Structure formats: structure tokens, C-alpha cells
Amino acid sequence: MLCAVDRGILGGTFDPPHLAHLFAGEVAYRDLGLDVVTFVPAGAPWQKSGIDVSPPEHRLAMTSLAIEGSPYFEVDDREVARDGWTYTIDTLASFPADERLTLILGADAAAGVQTWHSAAEVLARARIAVVPRPGVDRTAVDGQLSGADVVWLDGPELDVSGTMLRGRVRTGSSIRFLVPDAVWLYIEQHGLYEGPATQAT
């Protein structure tokens, strides 16, 4: 029986959402024949406990702005709306059981999946689509995901990160064209990232 939806899930703090996020979603959608790519901003990511992350309302708003104009992209607020720490397994379990889920991860994140809460259950519920990242060894990632349903996406290794973008804003450098224009304007209007350094990506 055919599944109801073939869904890609692209999660993260999105602080801010940038072109590497959008490109990952685009490649996954095209290469894997997905019906939709759902961007899920993290609420309270447990692995970033103690790290300053922008308020969820800003990250949700920026993500919504980032995907404007792409009918096969959507933003979902279920992690932002959930109380307590954010765990990927809870998010995956909240989608209908008949949906095929593909978790879209940068290679750096994929290399750490075994440290996640209920990692085995995550790998049992979702296919993992890995986006190449600079400096991350593919063999090491494959070793961490042995036995899982894994596909590597074909695309350039874009060396863009939230850490780099926030650092540029703090030093007065431009990030225009590294993020969608609407996101760049939102950051300017709200004075985001002008304070002390943060480490969330």
C-alpha cells in the first residue's frame, strides 16, 4: 500500500536559516522524489543546553520567511510549541505512522546520531539523507549509521553555518546573499546577533 505522504524533515535551530539549509531541502526534494520538505525549528534542543539560542519566535519567523516562494517547503512549529527538551524521536513519532519520513541531516550532524536520545528508534523510523559538509569524512558517518537506511545527497559542500553568520553580524560584516533577503532584512530590523557570541548552529 502506498504511504500517505513521502515527507522530508529538516530540523535545526535555524539561527538563522541560511542557503545551505534551503539547498539541502531542495536537493532532497528533487533527488528523492519527496512530496514535501518540512522545516522544523527546534524548541529547546537538549544537546545545546547552556548555549544561548535566539528566542523561538524569531527563529520560527525567519524560517517562514526563508521558504517563501517554494510550494513544496513548509514550516512546522510542533517543536517550538512543545514543552520541555526537544528530542527528534518525539518529533518523528508525532507524524502519522503511514508517512514515509526522511530525516535530512548535514554530515556533521549525521556523524553524531548515535549520541541522540533513542537513536535506534530514530534510525528505525526514518530514512537518513546526508548532506556533505566540509571536513566531515564520509566513511566515519557511514560507520555511525551502519545498518540504517541511508542515502547521500549529491551536491557541493557549502561552508555556511549559523555560527559563521552570527559572527559576521557581530563584527559588522554583511551576510546578504548567504541568507534569503527576507531573512537578512528581519535580522537587520530586529537587531539580532549584535550581542555576545553564541555557539548554536
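I'm checking my understanding of the structure. Among residues of the stretch 155-196 that are polar (S, T, N, Q) and either part of a loop (DSSP other than H, G, I, E, B) or touching a residue at least 24 places away in the same chain (Cβ under 8 Å) (or both), which one is surrounded by the fewest Cβ atoms within 10 Å (Cβ to Cβ)? Top of the filtered list is Thr171. Being at pLDDT below 95 and in contact with a helix residue (DSSP H, G or I) (Cβ under 9 Å, 6 or more places away or on another chain) is true of Ala42. Does the stretch 84-104 include one or more residues that are charged (D, E, K, R), surrounded by fewer than 17 Cβ atoms within 10 Å (Cβ to Cβ) and within 15 Å of the chain's Cα centre (by Cα)? Within the stretch 84-104, not a single residue is charged (D, E, K, R), surrounded by fewer than 17 Cβ atoms within 10 Å (Cβ to Cβ) and within 15 Å of the chain's Cα centre (by Cα). Collect the residues in the stretch 117-150 that are surrounded by 13 or more Cβ atoms within 10 Å (Cβ to Cβ) and at positive phi, keeping them in residue-number order. Passing the criteria: only Ser118. Selection of the stretch 130-154 for residues being of a type in the set (Val, Ile, Thr) and in a loop (DSSP other than H, G, I, E, B) yields only Val136.
Considering the stretch 33-129, the qualifying strands (runs of 3 or more DSSP E), each wholly inside and each with 3 or more residues that are within 17 Å of Asp149 (Cα to Cα), run over 100-106.
Scanning the stretch 110-154 for residues that are of a type in the set (S, T, N, Q) and without any contact (Cβ under 8 Å) to a residue 12 or more places away in the chain returns Thr139, Ser146. Scanning the stretch 64-80 for residues that are over 17 Å from Gly8 (Cα atoms) and modelled with pLDDT under 95 turns up at least one hit. Within the option set Asp108, Asp98, being closer than 18 Å to Ala4 by Cα and among the acidic types (Asp, Glu) holds for one residue only, Asp98. In this entry, Leu145 is excluded by the filter for residues that are touching a Lys or Arg at 6+ places or on another chain (Cβ under 9 Å) and either at pLDDT below 95 or more than 25 Å from Ser70 (Cβ to Cβ) (or both).
The values are calculated or read from the model by the stated rules, or taken from the named source; none is laboratory data. No experiment lies behind these values; they were computed from the predicted model shown. Reconstructed Cβ throughout: ideal geometry from the backbone, glycine too, with neighbour counts over all protein chains shown.
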